[in-house]
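Notes follow the structure.
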Amino acid sequence: MTKAIRIGKIYLGEGLPKICAPLTGTEREKLLAEAEAVRKAGADMAEWRADLWNGCREENDPAGAELRSLVCELKEMLQDLPLLFTIRTQAEGGRADLSEEAYERMALFAAEAGADLVDVEAFQGDPDRRCHLIRDLQDKGAAVIASTHDFEKTGPKEELLERFRRMDRTGADILKMAVMPQQGTDVTALMEATREMADRYTQRPLISMSMGVLGVRSRIEGASFGSCVTFGTVGEASAPGQLPVGELRKRLAE
């Protein structure tokens with residue numbers, strides 16, 4: 001049985017899936033404008049896709065002054081909406097091309113500046129270092145989402161379950177899986193794997209989605225199979241198949 005986690009004023013793993021809207025701007029002014037739009041649109045939380053930001057570079061300020069400042073400004077603009085900080089690497093469908101040291105450094109800067117949640121790609125880099133990073137982020141007060149993304153395919157149900165179980169062993173607070181379906185049965189496989197994971201193997205909240213047009217139903221039926229967050233847009237999408245926040249809210253309530 002899922003044990004809900006409180007993040008700010010919301011509970012992940014309880015009630016309807018919470019709507020998270022991405023912030024995809026490349027520069028400060030665009031990001032702040034997006035944060036204001038997300039708050040006004042009625043999303044439950046926001047995800048800063050920092051890999052799309054111009055400052056996400058290997059040679060960025062070692063002290064992280066600009067990143068820290070932006071986290072603080074985004075938090076202020078979002079008011080009481082939780083902020084998820086994500087660096088999506090090229091290996092998992094994003095744009096970041098960073099050393100493991102730079103990836104860790106930026107994640108820790110974000111947590112120190114007050115990001116409520118930090119995404120950690122569980123299967124990139126050295127496994128032991130990723131587990132240490134998760135613990136360090138938690139020590140700084142951030143909840144951690146261990147994540148895995150496959151933009152090409154969906155594995156069989158047992159493979160998806162094993163990836164969930166491996167992420168569970170990292171000690172992260174929330175487990176996230178996003179995969180690309182090639183046929184309708186792939187969507188069903190992900191939904192069944194998520195349900196079984198929640199029922200048999202973990203109390204941690206889970207996030208799962210099938211991407212693209214085929215996977216849209218996974219974004220609106222999360223309550224039926226155990227996914228606690230769904231991603232909706234206010235402006236540009238950060239992954240294929242995302243629906244606008246307003247439409248997503250209506251369909252979740254149906």
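No value in this document is a laboratory result; all are computed from the given coordinates. Computed from a predicted structure; not experimentally measured. Neighbour counts run over all protein chains shown; Cβ positions are idealised from the backbone, glycine included.
Restricted to Cα positions, what overall size does segment 68-202 have along the principal axes? Three whole-Å values, descending.
45, 32, 25
Pop a pseudo-label 7 angstrom from the Cα along the beta-carbon direction at both residue 9 and residue 29 and give the gap in nm to one decimal.
3.1 nm
Considering only 235, 184, 94, give the residue with the highest GNM mean-square fluctuation for the chain, with springs between Cα atoms whenever their separation is below 10 Å.
Largest GNM mean-square fluctuation: 184.
Helix-only estimate, please: 222 nm mean residue ellipticity of the chain, summing -39500 (n - 2.57) across DSSP H runs of length 4 or more and dividing by its residues, to the nearest 500. Intermediate values should be presented prior to the final figure.
Values: 9 runs with 98 residues, N = 254.
Taking each H run of at least 4 residues, the total per residue is -11500 deg cm²/dmol.
Could you derive backbone 3J(HN,Hα) for segment 156-167 from the dihedral phi with the Karplus parameters 6.51, -1.76 and 1.60 (θ = phi - 60°), listing whole Hz in sequence and x where the residue is Gly or Pro?
Whole-Hz 3J(HN,Hα) from phi for segment 156-167: x, 3, 5, 5, 4, 4, 5, 5, 4, 5, 5, 5.
List the residues whose amide H sits under 5 Å from the amide H of residue 7, counting only those 5 or more places along or on another chain, with H placed 1.01 Å from N in the peptide plane.
The answer is 12.
Evaluate the Kirkwood expression for the hydrodynamic radius of segment 183-232, namely the inverse of the mean inverse distance over all pairs of different C-alpha atoms, and round to one decimal in Å. Walk me through the intermediate numbers first.
On the way: mean 1/r = 0.0927 Å⁻¹.
The answer is 10.8 Å.
Taking H as built 1.01 Å from N, whose amide H comes closer than 5 Å to the amide H of residue 147, not counting residues under 5 places away?
Distant-sequence amide H within range of residue 147: 120, 121, 122, 176.
Two decimals is fine: what is log10 I(q)/I(0) at q = 0.08, 0.10, 0.14 Å⁻¹ for segment 5-235, from a Debye sum with one equal scatterer on every Cα and no solvent?
-0.26, -0.41, -0.85
For 23, 252, which order do you get if you count the other beta carbons within 10 Å of each Cβ and list the fewest first? Before the final figure, lay out the partial values.
Values: 23 30, 252 19.
Ordered by Cβ neighbours within 10 Å, fewest first: 252, 23.
Hey, can you grab everything whose amide H is under 5 Å from the amide H of residue 229? Only 5+ residues off in sequence or another chain; H modelled, so Pro and N-termini drop out.
When sequence neighbours closer than 5 places are left aside, the close amide H contacts are 18, 208.
List, in order, the whole-Hz ³J(HN,Hα) value for each residue of segment 143-154 obtained from phi through the Karplus relation with A = 6.51, B = -1.76, C = 1.60 and θ = phi - 60°; use x for Gly and Pro.
Per residue, the Karplus-derived 3J(HN,Hα) values read 7, 10, 9, 7, 10, 8, 9, 10, 8, 10, 7, 10 Hz.
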